[in-house]
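*Asks:* Here you go, one structure.
The values are calculated or read from the model by the stated rules, or taken from the named source; none is laboratory data. Every value quoted in this text rests on a predicted model; they were computed, and no experiment measured them. Here Cβ is always computed from backbone atoms with ideal geometry, including for glycine, and neighbour counts include all displayed protein chains. Keep in mind that these areas ignore ligands, DNA and RNA; they rest on the heavy atoms of the full protein, side chains included. Shrake-Rupley method; radii C 1.70, N 1.55, O 1.52, S 1.80 Å.
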Amino acid sequence: MNKKNILICGSTGFMGKNISEHFLSLKEYNVYMTGLERAIEHPNFIKVDLTNKEQVNKLFSDYKFDIVVQAAANTSGSKDILTKPYLHVTDNAVMNSLILQACYDYSVGHFLFLSCGVMYNPDKSPVTEEDFSLDEGIFDKYYGVGWTKVYVEKLCKFYSDLGRTKHTVIRHSNTYGPHDKYDLEKSHMFGATITKVMSAQEGEEIVVWGDGLTERDLLYVDDVVDFIQKAIERQDAKYKLYNVGYGESISVKDIVEKIIRISGKDLSIRFDLTKPSINTKLALISDKAREELGWEWETSIDEGIFKTIEWYRENY
C-alpha cells in the first residue's frame with residue numbers, strides 16, 4: 001500500500017491535536033506535524049514558524065506532502081476579539097499566504113483550510129454557503145478576523161485556478177471538545193465554562209460574561225475531523241467550500257445550564273453585564289456537505305458535553 005504523506009499545520013493547537021491523533025491512528029498515512037514548540041513527542045514532529053518564509057520553504061522542500069491540512073492560527077476568546085482584534089489578522093494572513101504559495105511551488109495534491117463562519121451576517125441565521133456576499137460586509141466585531149478568513153478563502157480559489165493543487169475550504173461552526181483551550185484568559189466561551197464549572201465547589205456561583213442570550217452553533221471536534229477525512233477521500237473538484245456545522249443555535253445560557261447539569265454539580269449562575277460579550281446568533285446549514293460528501297454530525301450536544309467533561313476530568 002502506498003501511504004500518503006499528510007502534513008497537519010498547527011498540530012499543537014486544539015484542532016490540530018485532534019486531527020493529528022485521528023490520522024496517526026490510520027495506516028494509510030504518513031503523518032507529519034508542525035508547531036512552534038515541541039509539544040508532541042513524535043519523530044515526524046517539525047518545529048517551524050509558519051510566519052517565516054525561509055522556514056516554510058525549507059519545510060516543503062525537505063518533505064514531499066500529498067495533503068496539507070491547515071489548522072494553524074492565532075485564536076482566542078471574545079476579550080481579545082474586542083480589545084486586540086489585530087491578533088487574529090496579521091500572523092494568520094502571513095502564514096496562510098506563505099503556506100499556500102509553498103503548496104503550489106512544491107505541487108501539493110490537496111490543501112484543506114479550516115476557515116469558520118464569522119463572515120456570515122448573524123441576522124440571517126441559519127445560513128448556507130451562498131448567504132455571504134462580498135457586498136454585504138461583515139459584523140463589526142468580527143471585521144478583522146472575518147475579512148482575513150475571506151482573504152485566505154479567495155487565495156485558495158486563486159491557487160486552485162492555477163491548476164496544481166486541489167483546495168477544500170471548511171467553514172466550520174464553534175468547535176469544542178478534547179484539547180480545547182481551558183485557560184480563562186484565552187479560551188472561548190465553551191472552554192471557559194468547562195473550566196469554571198469543573199473548578200467550582202458545590203453551591204458556588206458561576207459567572208458568565210454578558211446576558212447569556214448570544215446563540216452559538218456548537219459542533220463536537222470529532223465531527224469536524226470526520227468531515228476532513230471524507231473531504232480527503234471524496235472531494236474531487238479543484239475548489240470547494242463547505243459549511244460544517246450542527247445546524248442549530250443554542251444560547252450561552254442553555255449551554256452553561258447543560259454543562260452544570262451534566263457535570264452533576266449544584267451550582268448557580270450570575271450574568272455579568274459589565275464583561276465583554278459578542279451578541280450574535282448563527283447556525284450553519286450543511287446540506288452541501290451531506291449531499292456531496294455524505295457527511296453529517298454524529299455527536300449530539302449533550303453527548304459532546306459529557307465526552308468533554310470526562311476528558312477534562314482525566315487530563316486536568
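*Asks:* Which condition breaks for Glu21 when tested against (1) surrounded by 13 or more Cβ atoms within 10 Å (Cβ to Cβ); (2) at pLDDT below 95; (3) of a type outside the set (S, T, N, Q)?
*Replies:* (2)
*Asks:* Let me ask you something else. Counting just the residues of region 169-191 that are part of a strand (DSSP E or B) and open to solvent by less than 40 Å² (accessible area, probe 1.4 Å), which one comes out farthest from Ile228 (Cα to Cα)?
*Replies:* Taking region 169-191 and keeping what is part of a strand (DSSP E or B), we get 169-172, 174-176.
With open to solvent by less than 40 Å² (accessible area, probe 1.4 Å) added as a condition, the list becomes 169-172, 175-176.
Details: Val169: 10, Ile170: 8, Arg171: 12, His172: 11, Thr175: 14, Tyr176: 16 Å.
Result: Tyr176.
*Asks:* Hey, another quick one. If I ask for residues that are part of a loop (DSSP other than H, G, I, E, B), touching a residue at least 40 places away in the same chain (Cβ under 8 Å) and open to solvent by less than 50 Å² (accessible area, probe 1.4 Å), which ones from region 286-316 would you list? Full working, then the answer.
*Replies:* Going through region 286-316, the residues part of a loop (DSSP other than H, G, I, E, B) turn out to be 286, 294-300, 316.
Checking which are touching a residue at least 40 places away in the same chain (Cβ under 8 Å) leaves us with 286, 294-295, 297-299, 316.
Scanning region 286-316 gives Ser286, Gly294, Trp295, Thr299.
*Asks:* Go through region 240-279 and report how many residues are out of contact with any strand residue (DSSP E or B) (no Cβ under 7 Å at 6 or more places or on another chain), of a type in the set (Ser, Thr, Tyr) and touching a residue at least 12 places away in the same chain (Cβ under 8 Å).
*Replies:* Number of matching residues: 1.
*Asks:* Which is assigned to a helix (DSSP H, G or I) and farther than 20 Å from Glu130 by Cα, of Ile269, Ile259?
*Replies:* On the way: Ile269 fails: assigned to a helix (DSSP H, G or I).
Going through Ile269, Ile259 in turn, the sole match is Ile259.
*Asks:* Return the pairs, sorted by first residue and then second, in which the second residue is assigned to a strand (DSSP E or B) and of a type in the set (D, E, K, R), the first residue lies in region 150-169 and is over 21 Å from Phe139 (Cα atoms) and touching a residue at least 40 places away in the same chain (Cβ under 8 Å), the beta carbons are less than 8 Å apart, and the residues are 6+ apart or on different chains.
*Replies:* Here the result reads Ser160/Lys166; His167/Lys240; Thr168/Lys240, each pair linking region 150-169 to a residue that is assigned to a strand (DSSP E or B) and of a type in the set (D, E, K, R).
*Asks:* Next question. Do we have Val145 as among the aliphatic types (A, V, I, L, M), at pLDDT below 95 and assigned to a loop (DSSP other than H, G, I, E, B) here?
*Replies:* Values: among the aliphatic types (A, V, I, L, M): yes; at pLDDT below 95: yes; assigned to a loop (DSSP other than H, G, I, E, B): no.
For Val145, the condition - among the aliphatic types (A, V, I, L, M), at pLDDT below 95 and assigned to a loop (DSSP other than H, G, I, E, B) - is not met.
*Asks:* From the list Arg164, Arg171, which one is within 30 Å of Ile67 (Cα to Cα) and over 15 Å from the mean Cα position of the chain (by Cα)? Please lay out each step first, then the result.
*Replies:* Details: Arg171 fails: over 15 Å from the mean Cα position of the chain (by Cα).
That would be Arg164, the only listed residue that is within 30 Å of Ile67 (Cα to Cα) and over 15 Å from the mean Cα position of the chain (by Cα).
*Asks:* OK, next. For Asp254, indicate whether it is in a loop (DSSP other than H, G, I, E, B), closer than 30 Å to Glu204 by Cβ and of a type outside the set (Val, Ile, Thr). First the steps, then the outcome.
*Replies:* Numbers: in a loop (DSSP other than H, G, I, E, B): no; closer than 30 Å to Glu204 by Cβ: yes; of a type outside the set (Val, Ile, Thr): yes.
No; evaluated as a whole, the condition is false for this residue.
*Asks:* Can you name every residue in region 271-299 that is more than 18 Å from the chain's Cα centre (by Cα) and at pLDDT 95 or above?
*Replies:* Correct list: Asp287, Lys288, Arg290, Glu291, Glu292, Leu293, Gly294.
*Asks:* Counting just the residues of region 252-270 that are under 24 Å from the mean Cα position of the chain (by Cα) and open to solvent by less than 20 Å² (accessible area, probe 1.4 Å), which one comes out farthest from Lys124 (Cα to Cα)?
*Replies:* For region 252-270, the residue satisfying everything is Ile259.
*Asks:* Is there a residue in region 198-213 that is open to solvent by 20 Å² or more (accessible area, probe 1.4 Å) and within 22 Å of Lys124 (Cα to Cα)?
*Replies:* Initial filter on region 198-213 (open to solvent by 20 Å² or more (accessible area, probe 1.4 Å)): 198-199, 201-205, 207, 209, 211, 213.
Checking which are within 22 Å of Lys124 (Cα to Cα) leaves us with 211, 213.
Yes, because at least one residue in region 198-213 is open to solvent by 20 Å² or more (accessible area, probe 1.4 Å) and within 22 Å of Lys124 (Cα to Cα).
*Asks:* Out of the residues in region 111-163 meeting the condition of being farther than 23 Å from Arg234 by Cβ and small (Gly, Ala, Ser), tell me which one is surrounded by the fewest Cβ atoms within 10 Å (Cβ to Cβ).
*Replies:* Ser133
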